[in-house]
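The values are calculated or read from the model by the stated rules, or taken from the named source; none is laboratory data. Quick caveat: nothing in here was measured; it's all calculated off a predicted structure. Because the Cβ atoms are built from the backbone with ideal geometry, glycine has one as well, and the counts that use them run over all protein chains shown.
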Amino acid sequence: MTAKDALTERYQDLLSVYLKAKTETTLYKGQQFSRKLLEQQISPEDLVSLHIQVMDELFPDMSEEMRDSFDFLLEAMIGYGFAYREHQSLRDKQQQLESEIEVAASMQQTLLLSDVPEFEQLDIGVVSVPAKKMNGDYYNFVKSGNSLSVAVADIIGKGIPAALCMSMIKYAMDSLPEEQMKPHLLLENLNRVVEQNVHSNMFITMFHGVYEPESHKFYYAGAGHEPGFFYHAKEDEFQDLIAKGLVLGVSRTTTYHPYEKMIEVGDMVILLSDGVTECRTSKGFIEREEVVSLIRKYMDLPSQKIVENVFQELDRLQGFELRDDFTLIILKRLV
Amino acid sequence: MNLQINQEQINETYELNLTGEVDAYTAPKLKEVMLPLTEKEGNIVIVNLSGIEYMDSTGLGIFVGALKSSKANNSSLKLRGMTERVKRIFEITGLTEVMDIESGVKGEAL
């Protein structure tokens, strides 16, 4: 018996039971049956033709007008049949597109991921974990000459626009001439690129810094990014690493303030995304001081171990449900 | 958690009183109400945020979009009554420098 024959038989059973008993239960069974029809991709006009076939079986003496009226109904259903098939093919296409987009976006993200560089004077640790499949946080290390530049950015907006935006930033950064690697100038440049190219609801927060090993100076600037921390080893204290500035993508003419800090042996520069401080627990938000005390707890370990441990503890505090992307970077001066 | 938007209008002045949270889930709802108001020249849109306990960056994006729209369309956008937590994210992102934000904590009547 083919699937179609089985359906016809089932329909005939249901219909004849209903015509005899006319109960709500059998009506409801008819409703359930329609799901089965959809599963088997039976179109509306197919159902009418099935109905005609069954009615012929059940009522061989059906009046000619009645019989003809069904044929008429069948013709009148043709339009619905087209709409149904179109819907199906669109749905298939949409599913295909969605999965292609997902693959493309995650592939791009993998391509954009920056390796954590080996750098003689600095011990570098990085953890960057997305809350959903796509990470809206972005970080990038570039070694240029003797110096090391580091960027952390949070791209507001998800999916394709965010992924495209991320690559725009990466390539804009890679193509800047070396003399413009000064953080505040780099941000001004990027801001112009972003402002022209992103949707009005989107913006990017970014922190950019450059460490120069000869002078042991860290030059930095910020575009609306969550402040990081600076650990001053001599005083054994954590300070906020404040770098004020408007987020990228809001106003074309924004300028950024240059900041610099002397980095001594044992000092740490700690960069983060707002996912770190916007962690929510059952008791409320994690305050910045708590993040600091977690870093303090592990600060004798290598940088990579510090960031991993801090992430694990914060993740546990949130009941292992990240609400926002999480990025934490530590640079510690070794010699 | 949800977002409630209560709208009052006197002539071309619209006041939106928000209660709840502005995050990725509720932001589209806010955009739908607020953005069209900023698109009409001469409109004054006042958003009272005293009932907002939490706003994330997607929520902030809606205000950035509304700010751009009000500049492009010659309407005006004012924010008032921010709680400390909300104020902090406007400060960090530098938006306090470019947006019209009324100091004073709770929003008074028009």
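Considering B:68, B:87, the condition of being over 11 Å from the mean Cα position of the chain (by Cα), more than 10 Å from chain A (Cβ to nearest Cβ) and part of a helix (DSSP H, G or I) is satisfied by B:87 alone.
Within region A:225-253, being touching a residue at least 40 places away in the same chain (Cβ under 8 Å) and over 28 Å from the mean Cα position of the chain (by Cα) holds for A:230, A:231, A:238, A:240.
Of the residues making up region B:10-30, just one is at pLDDT below 90 and either closer than 19 Å to residue B:81 by Cα or not in a loop (DSSP other than H, G, I, E, B) (or both), namely B:23. Could you say whether any residue in region A:114-129 is within 30 Å of residue B:63 (Cα to Cα), assigned by TED's automatic domain parsing to the domain that holds residue A:324 and either at pLDDT below 90 or among the basic types (Lys, Arg) (or both)? Yes: one or more hits.
As a summary of the residue check, residue A:138 satisfies the conditions (1) outside the structural domain of residue A:309 (by TED's automatic domain parsing); (2) outside any helix (DSSP H, G or I) except for the one numbered (1).
Yes or no: residue A:105 away from chain B (no Cβ under 14 Å), under 21 Å from residue B:57 (Cβ atoms) and at pLDDT 90 or above? The answer is no for residue A:105. When residue A:61 is tested against (1) over 40 Å from the mean Cα position of the chain (by Cα); (2) loosely packed, with under 12 Cβ neighbours inside 10 Å; (3) part of a helix (DSSP H, G or I), only condition (3) is not met.
Would region B:48-62 turn up any residue that is without any contact (Cβ under 8 Å) to a residue 60 or more places away in the chain, aromatic (Phe, Trp, Tyr) and not in a helix (DSSP H, G or I)?
yes
In this structure, does residue A:221 turn out to be over 26 Å from the mean Cα position of the chain (by Cα) and in a strand (DSSP E or B)? Yes; evaluated as a whole, the condition is true for this residue. Select from region B:53-62 the residues that are more than 9 Å from every other protein chain (Cβ to nearest Cβ) and surrounded by 23 or more Cβ atoms within 10 Å (Cβ to Cβ) and write down the one among them that is nearest to the chain's Cα centre (by Cα). Across region B:53-62, the extreme among qualifying residues is B:59. Hey, any hits in region B:31-41 for a residue that's at pLDDT below 95, under 20 Å from residue B:90 (Cα atoms) and loosely packed, with under 15 Cβ neighbours inside 10 Å? No. I'd like to check something: does region A:203-219 contain any residue that is crowded, with 19+ Cβ neighbours inside 10 Å and among the polar types (S, T, N, Q)? So far as region A:203-219 goes, yes, one or more of its residues are crowded, with 19+ Cβ neighbours inside 10 Å and among the polar types (S, T, N, Q). Restricting attention to region A:226-270, the residues that are within 12 Å of another protein chain (Cβ to nearest Cβ), assigned to a loop (DSSP other than H, G, I, E, B) and charged (D, E, K, R) add up to 3.
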